[in-house]
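Student: There's a structure below that I have some questions on.
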Amino acid sequence: MLGKEQEANFFKYRGVGFRINYLRISVTDRCNLRCIYCMPANGILNKPHSEILSFEQIKRIVKAAAGLGIEKVRITGGEPLVRKDLHLLIEELKNIGSLKELGLTTNGINLSKHASSLKKAGLDRVNISLDSLVPERFERITRGGSLNSVLRAIETCLSIGYSTLKINTVLLKGFNTDEILNFAKMAKARPIDVRFIEYMPTDLNHPSHEDLFFSALEAKRICGDLGRLAPIHSERSSTAKVFRIDGFCGTVGFITPISESFCASCNKLRLTSDGRLRSCLHSSKAIDLKSALETGASEEDLARLVKEAVETKPESHNLLNAPLGRDSEIYSMCQIGG
Ligand code: SAM
Ligand code: SF4
């Protein structure tokens with residue numbers, strides 16, 4: 001474990017009181033969908049299994065990071081549910097007592113089958129990505145996915161008692177922006193939090209970013225047709241600006257990486273499926289924790305490397321000038337975890 005002094009330094013990052021307390025972990029670079037804005041039609045070249053972190057390695061990294069103040073962990077991918085026995089990882093991470101929240105981001109295709117075992121294993125929150133409520137469009141955006149499977153997963157999660165469910169919708173001009181009100185209405189009668197996310201450029205984006213980009217601020221204006229949007233106080237580090245529409249049970253939120261950058265309050269670290277720790281989604285800087293583990297790193301060694309990642313966190317992204325992929329081998333969100 002780290003001494004008091006190291007812990008104190010960790011929390012001093014970007015001024016007293018600001019804490020990097022969130023770790024997003026990609027458990028695989030594989031996916032069962034091929035969303036047009038995230039993957040090429042024929043997929044990406046996947047890493048061999050030997051290059052992907054084992055559950056044991058992930059657990060060791062999370063333990064070291066938790067010792068430094070990481071309190072929230074989100075499992076993502078690629079598609080995390082294509083990784084076999086994911087509930088066993090959730091169980092292991094739940095045993096790290098200091099973690100306050102364990103979440104999962106999934107495309108929902110295989111979720112209804114696993115929702116219950118994941119909850120029993122200790123999963124607290126589920127985010128489901130969903131970009132259209134029209135079956136043919138959903139199929140087109142995901143290149144073949146079934147909307148019904150995702151809708152079934154939403155029902156299953158609500159019925160087994162996940163207290164809130166988040167739906168993440170990437171705004172895609174010409175594909176789904178006429179569905180903004182229908183998405184927002186999902187939050188009307190049920191504890192569903194809908195988040196509209198701006199499309200971010202990567203070197204892979206086809207069609208182009210300019211053709212597809214739609215501002216989340218405009219989506220917010222459109223949601224105003226449903227009633228007054230009352231702001232909900234969220235943590236300073238929250239990437240979404242969240243509102244409750246009069247009479248709604250859930251909330252709507254707007255995530256604006258492009259039109260209003262939130263880098264200055266970003267509290268996240270990201271671990272790629274091959275064990276590289278990145279302190280910014282859009283920076284090529286990464287620390288190779290898998291190699292460190294394989295050459296005998298102790299918990300203290302890992303903690304020192306995590307701290308190094310925090311200290312080199314960039315002040316802000318340079319997304320529009322240098323899209324993801326321009327200067328590193330990572331060129332799509334499915335490789336880094338979105
Ligand atoms: N497969 C899972 C899923 O789709 O939820 C988890 C991984 S996916 C990379 C995580 C999130 O990143 C999804 O909500 C997806 O819509 C989002 N994403 C992928 N590419 C994006 C882009 N270029 N701009 C904005 N969001 C993106
Ligand atoms: Fe797969 Fe998620 Fe990327 Fe879609 S957004 S291709 S589901 S990793």
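Student: Search the stretch 97-111 for residues that are closer than 14 Å to I167 by Cβ and pair each with any residue that is at pLDDT below 95 and part of a loop (DSSP other than H, G, I, E, B) when their beta-carbon atoms are under 7 Å apart and the residues are at least 6 apart or on different chains.
Tutor: T105/G338
Student: Across the stretch 52-69, what is the number of residues that are assigned to a helix (DSSP H, G or I) and of a type in the set (A, V, I, L, M)?
Tutor: 6
Student: Can I ask one more? Of the numbered conditions (1) outside any helix (DSSP H, G or I); (2) of a type outside the set (G, A, S); (3) more than 13 Å from ligand 1 (Cβ to nearest atom), R137 fails exactly one; give the number of that condition.
Tutor: So the condition that R137 fails would be (1).
Student: Let me ask something else. Within the stretch 213-228, work out how many residues are small (G, A, S) and surrounded by fewer than 17 Cβ atoms within 10 Å (Cβ to Cβ).
Tutor: 2
Student: Restricted to the stretch 28-55, and to residues that are polar (S, T, N, Q) and surrounded by 14 or more Cβ atoms within 10 Å (Cβ to Cβ), which residue is farthest from ligand 2 (Cβ to nearest atom)?
Tutor: Across the stretch 28-55, the extreme among qualifying residues is S54.
Student: Okay, next question. Identify the residue in the stretch 56-89 that is touching a helix residue (DSSP H, G or I) at 6+ places or on another chain (Cβ under 9 Å), of a type in the set (A, V, I, L, M, F, W, C) and under 20 Å from S116 (Cα atoms) and, among all such residues, is farthest from ligand 1 (Cβ to nearest atom).
Tutor: L88
Student: If you don't mind, there's one more thing I want to ask. If a residue must be at positive phi and under 16 Å from the mean Cα position of the chain (by Cα), how many such residues does the stretch 86-123 contain?
Tutor: 1
Student: So, one more: Check every one of the strands (runs of 3 or more DSSP E) wholly within the stretch 145-248 and list those with 2 or more residues that are without any contact (Cβ under 8 Å) to a residue 40 or more places away in the chain and either of a type outside the set (S, T, N, Q) or more than 18 Å from N127 (Cβ to Cβ) (or both).
Tutor: Where strands (runs of 3 or more DSSP E) fall fully within the stretch 145-248 and carry at least 2 residues being without any contact (Cβ under 8 Å) to a residue 40 or more places away in the chain and either of a type outside the set (S, T, N, Q) or more than 18 Å from N127 (Cβ to Cβ) (or both), they are 229-231, 240-245.
Student: A further question on this structure: Look through the stretch 167-208, keep the residues that are modelled with pLDDT of 95 or more and among the polar types (S, T, N, Q), and return whichever of them is surrounded by the most Cβ atoms within 10 Å (Cβ to Cβ).
Tutor: Restricting to residues being modelled with pLDDT of 95 or more and among the polar types (S, T, N, Q), the top hit is T169.
Student: One residue is enough: does the stretch 18-35 have a residue meeting the conditions under 24 Å from S279 (Cα atoms), within 16 Å of ligand 1 (Cβ to nearest atom), assigned to a helix (DSSP H, G or I) and modelled with pLDDT of 95 or more?
Tutor: no
Student: Also, I was wondering about something else. Of all residues in the stretch 90-114, count the ones that are closer than 30 Å to L68 by Cα and within 16 Å of ligand 1 (Cβ to nearest atom).
Tutor: Qualifying residue count, the stretch 90-114: 6.
The values are calculated or read from the model by the stated rules, or taken from the named source; none is laboratory data. Note that the coordinates shown come from a computational prediction; the quantities given were computed from them, not determined experimentally. For neighbour counting, all protein chains shown are included, and Cβ atoms are generated from backbone atoms with ideal geometry for every residue, glycine included.
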